[in-house]
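Report on the following structure.
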Amino acid sequence: MDPVFPPGASAATFDRALKAFGGAIGADNVFTTDQDRDTYSDKFAVNEAGHHPYGGVAPSSVEEVQAIVRIAAENRVPIWPISRGKNLGYGYAAPELSGSIVLDMSRMKKIEVDVENGTALLEPGVGFYDLYDYLQAHNIPLWLSVPGNSWGSVIGNALDRGLGYTPYGENTSKLCGLEVVLPDGDIIRTGMGAMAGSPTWNLYRYGFGPSWDQLFVQSNFGIVTKANIWLMSAPEQVKGMDIEMDRMEDLAPLIDTLGALRREGVLQQSPTIGNWLRAANILTTRQEWVKDGGPLTDSVIAAIRKTFNLGWWGVSVRLYGREAITNATYPILEQAINAIRPMSIKPAVWRTGDPIPPTQGGWMGVPMTFPLQNANWFGGRGGHIGFSPILPQSGKLALEQFLRAYARYREFGMDPQTSFAFGERHLINVNAVLLNKDDPAFMKRVDPFLRALIKDARAHGYGEYRTHLDYMDTVADTYDFNNHALRRLNEKVKNALDPAGILAPGKSGIWPTAYAKERRA
Amino acid sequence: MKGRAIILGLALGTAPAWAQDAGNGKALFHEKCAMCHDANGMGTGLLARRMDPKIAELEKRTDLTPDFIAAAVRTGIGNMPNISRGEVSDAQLAAISAYLSKGKNQ
């Protein structure tokens with residue numbers, strides 16, 4: 001990949017900044033070869049022409065992060081912070097603004113665990129596997145809540161509002177106090193961390209006065225260099241069931257039943273309902289069922305489902321905690337699910353000391369990567385890109401949204417991998433749009449498909465919780481109350497904190513004045 | 001035990017920079033690669049579609065060379081993304097390559 005400079009920047013400016021970066025963190029940790037640029041680019045890119053990084057810098061400490069930020073501000077060089085950069089489906093490590101330098105915190109991997117209080121203070125480079133291995137090695141009975149791609153950073157996932165599948169599945173809500181480097185190089189701690197030496201930084205989220213933690217989530221106001229995250233106590237028992245529902249329309253009663261149990265508190269986990277393809281594309285490839293890129297007809301879908309015993313929809317539901325409590329709760333769950341006539345129920349139980357089967361790890365905090373096998377659905381160079389609107393927890397409305405999207409999938413010749421992840425009051429309808437990068441005609445249909453989905457969702461008042469770099473402006477544009485008042489506020493804050501506009505310009509559709517012309521229509 | 005540690009220390013002191021990490025190749029493989037290339041990882045699952053599943057785990061391979069490993073890591077291969085020097089340094093990559101290509105060199 002050839003070097004690209006951001007608007008208004010010159011080679012001389014970059015040379016000066018890069019030399020200064022090398023002086024601050026060691027020239028060995030400044031990466032600007034063509035190959036380096038490739039390694040920080042988006043592996044699943046639909047638009048290969050966009051989001052090209054100039055290179056990367058990899059600090060090893062918060063002091064080095066501060067030094068990089070000061071140099072970047074002085075030279076007006078845009079930087080794009082990543083924790084581990086594994087944001088697959090949303091842009092990987094690549095920056096919004098081409099020519100930005102990726103600030104790669106992969107090397108910052110400090111872990112401090114407060115066993116008694118069940119919290120961990122982590123640097124951004126700590127991956128789910130790193131933390132899992134640490135807890136195992138030290139025999140600490142705390143569990144993670146891992147996403148389907150556990151290759152990434154624990155903090156990075158929480159800062160992008162990623163999801164796990166246990167009662168702690170809404171990872172961003174488990175953040176409790178951040179350390180943040182601001183765009184001028186200053187450093188703050190939020191919550192109780194604002195009091196030097198406080199022993200309650202990791203225990204009380206809000207501190208005194210305004211609580212800033214969520215202002216650094218999905219934003220470009222600062223670089224989180226440490227965060228406390230709460231971890232779940234290892235339960236005595238995990239008991240539940242894997243449920244398959246036979247018909248497409250069964251989505252509605254399944255959502256209404258699980259939603260009611262979730263709101264009542266019977267169910268404390270964050271279950272995710274997935275369609276047949278979400279399960280099948282890990283197990284097989286498309287070409288085993290359809291030749292020459294033909295459509296997935298209902299008979300093909302039926303054959304795939306039959307082979308792997310899949311419903312049109314499936315969901316794994318788990319109860320966590322004391323054996324006596326989960327045993328008492330299970331019949332309530334069983335009765336509620338039987339009432340909606342499932343295709344099958346497969347009970348599952350795990351007790352302390354039992355081995356955890358690899359396929360069950362997701363519900364028990366064991367990191368995993370095998371769901372990424374979906375990138376091989378077309379058999380060659382693949383990938384996926386996310387479309388994830390927030391919906392009410394209503395079976396009727398969720399089914400209607402799915403049917404609209406399913407019609408679009410068919411119209412554009414795409415295969416539907418879709419899921420509905422439960423929050424406490426909402427659903428996130430995560431669509432991983434599967435890519436076939438070996439088929440240029442297919443790839444040309446992806447962008448108009450996604451734009452149609454975003455537009456359709458907006459027409460019903462649904463907005464995405466997270467999006468790929470290509471659509472940050474498009475999605476931000478759908479949040480349009482009072483002439484985009486929230487975006488105007490975000491950009492006021494952005495310009496106040498980052499007058500040079502160097503920190504992740506364009507992230508979440510927030511553009512500093514310095515790069516305001518880069519906003520896409 | 002103390003004696004072994006001293007011997008190890010001397011060996012490290014005289015080895016070239018990349019080889020200083022070679023002894024850590026196994027540990028580095030587990031830290032940097034095993035999430036996808038252990039028995040249940042994405043990489044193993046996909047390789048098992050293309051080759052004998054019994055040797056789909058990289059640690060079971062005997063045909064890997066350092067050059068091939070370096071190329072796969074830095075340029076990516078199939079569904080495997082390429083890996084930056086920030087995540088795996090050249091010295092760490094050399095150590096991992098030395099470990100994985102051990103069968104070839106034995």
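Just so you know, all these numbers are worked out from the coordinates, no wet-lab data involved. Since the structure is predicted, the reported quantities are computational estimates derived from the model, not experimental observations. Using ideal geometry, Cβ is built from the backbone for each residue, glycine included, and neighbour counts are taken over all protein chains shown.
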Once amide hydrogens are built 1.01 Å from N within the peptide plane, the residues lying 5 or more places from A:Leu144 or on another chain with amide H under 5 Å from its amide H are none
Quick check for me: using +1 on Lys/Arg Cβ and -1 on Asp/Glu Cβ, what's the dipole size of the stretch A:193-289 about its Cα centre, in debye to the nearest 20?
480 debye
Cβ-based charge dipole, the stretch B:17-105, positive-most Cα from B:Gly86, B:Leu100, B:Gly25:
B:Leu100
Using Cα centres only, tell me the gap between the stretch A:300-362 and the stretch A:208-256 in whole Å.
19 Å
Going by C-beta contacts inside 10 Å, put A:Trp313, A:Trp289, A:Trp377 in order with the fewest on the left.
A:Trp289, A:Trp377, A:Trp313
I'd like the orientation of helix A:481-497 relative to chain A: the angle between its Cα long axis and the longest Cα principal axis, in ° from 0 to 90, rounded to 10.
40 degrees
Whole-Hz couplings from phi, Karplus 6.51/-1.76/1.60, listed for the stretch A:456-470; x for Gly and Pro
4, 4, 4, 4, 9, x, 9, x, 7, 8, 5, 8, 6, 3, 4
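Please give the average number of partner chain Cβ atoms lying within 10 Å of the Cβ of each residue in A:118-130, rounded to a whole number. Numbers along the way, then the final one.
Working: counts 0, 0, 0, 0, 0, 0, 0, 2, 0, 4, 1, 6, 2.
That average works out to 1.
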Starting at the first residue of the stretch A:273-283, write each ³J(HN,Hα) from the Karplus equation 6.51 cos²θ - 1.76 cosθ + 1.60 with θ = phi - 60°, in whole Hz, x for Gly and Pro.
7, x, 7, 4, 6, 4, 7, 6, 6, 8, 9
With angles folded into 0 to 90 degrees, how steeply does helix A:395-411 sit against the dominant principal axis of chain A? Use alpha carbons for both and round to 10.
70 degrees
Using the Karplus curve 6.51 cos²θ - 1.76 cosθ + 1.60 with θ = phi - 60°, what ³J(HN,Hα) values do you get for each residue of the stretch B:40-48, in whole Hz, with x for Gly and Pro?
10, x, 4, x, 5, x, 6, 5, 5
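Shielding of B:39-48 by partners, i.e. mean partner chain Cβ atoms within 10 Å per residue? Before the final figure, lay out the partial values.
Working: counts 1, 9, 8, 12, 4, 3, 8, 7, 0, 1.
Neighbouring Cβ atoms belonging to other protein chains average 5 per residue here.
So what's the back-of-envelope 222 nm ellipticity for chain A, counting only DSSP H runs of four-plus at -39500 (n - 2.57) apiece and dividing by all residues, rounded to 500?
Numbers: 13 runs with 161 residues, N = 521.
Helix-only estimate at 222 nm: -9500 deg cm²/dmol.
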Over the C-alpha atoms of chain A, what are the Rg and the largest Cα-to-Cα span, Dmax, in Å?
23.0, 70
Name the residue from B:Thr44, A:Ala12, A:Tyr92 whose Cα lies farthest towards the positive end of the charge dipole of the protein assembly as shown, charges +1 on Cβ of Lys and Arg and -1 on Cβ of Asp and Glu.
B:Thr44
For the stretch A:394-478, what ratio Rg/Rh do Cα atoms give with a Kirkwood hydrodynamic radius?
0.96
Can you spot the lysines whose alpha carbon is less than 29 Å from A:Lys174's alpha carbon? Ignore those fewer than 8 places along the same chain.
A:Lys86, A:Lys109, A:Lys110, A:Lys226, A:Lys239, A:Lys492, A:Lys494, A:Lys507, B:Lys32
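Averaging the inverse of every distinct alpha carbon separation and then flipping it gives the Kirkwood radius. What is it for the stretch A:473-518, in angstrom units? Please list the in-between numbers first.
Values: mean 1/r = 0.0946 Å⁻¹.
Its Kirkwood hydrodynamic radius stands at 10.6 Å.
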What spacing in nm lies between the two simple spin-label points modelled at A:Val217 and A:Phe5, each 7 Å away from Cα in the Cβ direction?
3.9 nm
Using +1 at the C-beta of Lys and Arg and -1 at the C-beta of Asp and Glu, which of A:Gln360, A:Met232, A:Ile71 has the Cα lying farthest in the positive direction of the dipole of the protein assembly as shown?
A:Gln360
For B:55-68, A:209-222, A:411-424, ranked highest to lowest by mean beta-carbon neighbours within 10 Å, the order is A:411-424, A:209-222, B:55-68
Note down the magnitude of the dipole of the protein assembly as shown about its Cα centre, charges +1 on Lys and Arg C-beta and -1 on Asp and Glu C-beta and zero elsewhere, to the nearest 20 debye.
460 debye
To the nearest 20 debye, the stretch A:11-104 has a Cα-centred charge dipole, built from +1 on Lys and Arg Cβ and -1 on Asp and Glu Cβ, of 140 debye
